[in-house]
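Let me begin by presenting the structure, written as structure tokens, before commenting on it.
What follows is calculated from the coordinates using simple rules that are stated; it is not laboratory data. Every value quoted in this text rests on a predicted model; they were computed, and no experiment measured them. Quick reminder, even Gly has a Cβ in these numbers, built from the backbone with ideal geometry, and neighbours come from all protein chains shown.
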Amino acid sequence: MRQSKLFTKTRREAPSDEQAKNAQLLIRAGYVHKEMAGVYSYLPLGLRTLNKIIDIIREEMNAIGGEELLLATLQDPEVWKKTNRWDDEVVDVWFKTKLKNGSELGLGNTHEEALTALMTEHISSYKDLPRYAYQFQNKFRNETRAKSGIMRTREFIMKDLYSFSKDSTQHVEFYEQAAAAYERIFARAGIGEKTYRTFASGGSFSKYSHEYQTVCDAGEDTIYIDEGTRTAINKEVYDDPDVYATTGIDKTKLVEAKAIEVGNIFTLGTRFSEPLGLSYKDTAGETKPVFMGSYGIGPGRLMGTIVEVLADEKGIVWPKEVAPFAVHLVSLGKPAGGSLTSRNSGSQTSSAGDEITSVADKLYEDLQKAGIEVLYDDRDLRAGEKFADSDLIGIPTRIVVGKDAVATGEFEVVDRATGTVEKKSHEELLKI
């Protein structure tokens with residue numbers, strides 16, 4: 001992609017009503033657009049990054065046997081009434097609407113009910129189990145106070161996977177596979193070292209659940225970390241002695257930290273299968289309820305967390321697997337048909353111009369042919385402004401094409417995360 005053709009522009013200042021670092025930087029760098037409180041649109045760079053995160057999650061879910069589908073957003077109240085979760089007194093984040101005939105519908109905030117009801121048409125025998133179905137789907141939650149940028153919003157994409165097993169033994173086996181997959185996801189997303197499997201309340205589903213919490217000062221949660229086992233305990237169950245009996249964790253060795261919840265896994269048991277009639281016949285012909293679990297990750301929330309944890313004073317720092325492009329190619333030459341201009345002063349300056357542009361164009365074409373994703377800054381701006389934008393946007397590798405590159409045939413290659421600079425030839429760049 002040529003940056004001159006990118007309709008989004010960087011901004012010096014974030015909106016005054018944004019307090020979260022992730023939102024400030026993502027808006028300034030042109031990744032997202034704030035529509036209203038708790039609602040963001042993903043712009044071209046943001047969508048590329050979001051899709052990279054979704055691809056990682058999809059790969060790991062498929063690797064443990066997940067089958068992807070896409071459920072409807074509009075929800076039938078009758079299904080939810082069977083589990084007593086249609087009532088606003090029970091679930092207080094519903095967005096509800098009405099058809100022209102006055103019938104009430106809901107906008108899905110989660111999909112346990114919908115998928116359990118669907119599975120009653122596909123599961124009837126022990127031979128049909130286990131099953132692992134997941135989706136990437138927009139959820140709607142009427143949060144009282146949307147905050148924390150894209151990490152807590154009223155409309156968001158959720159990867160929710162639901163497991164359907166014969167019994168608790170079969171369920172636990174998959175539960176641990178899912179837990180391991182989550183650890184791989186967070187490692188690939190660049191925050192694995194700061195993310196801990198955390199004991200938390202199971203809410204209305206079970207006594208305990210597991211959250212994946214990433215240590216960050218901007219976090220809303222307080223956790224207590226056991227570095228020896230790389231596990232943690234959420235503050236909400238910190239004083240429950242059963243947690244320590246279950247985990248074997250020594251409470252005296254725990255270290256307090258603020259953290260962001262980036263994922264969760266729940267044992268649902270028969271909480272949904274029984275009221276919705278999801279059962280199977282075992283080998284003896286006896287009817288039994290299906291044993292369920294749920295496993296959630298918000299790709300947008302994960303994206304915001306990466307920014308919160310890894311950004312520096314210059315801007316965003318993307319890990320390679322989630323960056324919108326692998327390389328930011330910055331040309332210091334004169335764009336075709338013009339001379340370099342400062343976007344602040346409007347003044348012009350001479351440069352090595354056409355020859356630098358020719359070398360940069362050739363490198364851009366060859367990088368693309370080599371299968372390397374490139375954002376090419378061919379804009380009519382001064383070098384300092386281009387470098388500042390490159391730091392803000394946060395692509396992992398910056399290649400600079402200037403007078404030195406033309407004279408020596410070696411290009412300056414800057415690592416965004418470390419700031420280290422190397423010199424590489426045209427041929428070497430095609431192998432990065």
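Structure notes:
- Coupling constants for the stretch 140-148 follow from the phi torsions by the Karplus curve (6.51 cos²θ - 1.76 cosθ + 1.60, θ = phi - 60°), and in residue order they are 10, 9, 7, 5, 4, 9, 6, 7, 6 Hz; glycine and proline get x.
- For Lys288, the lysines whose Cα comes closer than 20 Å to its Cα, not counting residues fewer than 8 places off in the same chain, are Lys82, Lys127, Lys166.
- Reachable lysines, given that their alpha-carbon falls under 22 Å from the alpha-carbon of Lys251 and they are not under 8 places away in the same chain: Lys194, Lys207, Lys235
- Note on the stretch 390-432 and the stretch 68-89: Cα centroid distance 52 Å, given to the nearest whole angstrom.
- Counting charges near Arg48 (Lys, Arg +1; Asp, Glu -1) among other residues having Cβ under 15 Å from its Cβ returns a value of +1.
- Prolate/oblate/rounded label for the stretch 3-310 (Cα gyration tensor, a/c 1.5): oblate
- From phi via Karplus (6.51, -1.76, 1.60), per-residue ³J(HN,Hα) for the stretch 122-134 in Hz, x at Gly/Pro: 10, 10, 9, 10, 4, 5, 8, 10, x, 9, 9, 10, 9
- Relative to the Cα centre, the charge distribution of the stretch 110-252, modelled as +1 at Lys and Arg Cβ and -1 at Asp and Glu Cβ, gives a dipole magnitude of about 480 debye.
- For the pair Lys362 and Lys423, the difference between a 0.36 nm per residue extended length and the Cα-Cα distance amounts to 20.2 nm.
- Qualifying lysines (Cα of each under 23 Å from Cα of Lys423; at least 8 residues distant if same chain): Lys314, Lys320, Lys334, Lys362, Lys369, Lys386, Lys403, Lys431
- 222 nm mean residue ellipticity, helices alone, for the chain (DSSP H n ≥ 4; -39,500 (n - 2.57); rounded to 500): -8500 deg cm²/dmol
- Each Lys or Arg adds one and each Asp or Glu subtracts one; over the other residues with Cβ under 13 Å from the Cβ of Pro275, this totals 0.
- Just checking the listed ones, Ser209, Ser103, Ser273: in the Gaussian network model of the chain with Cα springs under 10 Å, the one fluctuating most is Ser103.
- Listed residues Val172, Val322, Val374, most fluctuating in the chain (Gaussian network, C-alpha, under 10 Å): Val172
- For the pair Ala284 and Ala63, a Förster radius of 25 Å applied to the C-beta separation gives a FRET efficiency near 0.15, rounded to the nearest 0.05.
- Loop-resident sites, the stretch 97-136, for trypsin sites (Lys or Arg not before Pro), counting at most 15 other Cβ within 10 Å (DSSP): Lys100
- Under 5 Å from the amide H of Phe95 lie the amide H atoms of Leu107, Asn142, each residue being 5 or more positions distant or on a separate chain, with H modelled from the backbone and absent for Pro and chain starts.
- Candidates Ala417, Ala187, Ala407: whichever shows maximal mean-square fluctuation once the chain is modelled as a Gaussian network with Cα springs under 10 Å: Ala407
- Coil-residue GluC sites (Glu not before Pro) of the stretch 37-132, DSSP, other Cβ within 10 Å capped at 16: Glu89, Glu121
- Antiparallel %, DSSP beta bridges [both residues in the chain], to 5: 80
- Each Cα pair under 8 Å and six or more residues apart adds its separation to the average, and for the stretch 3-310 the resulting relative contact order is 20 percent.
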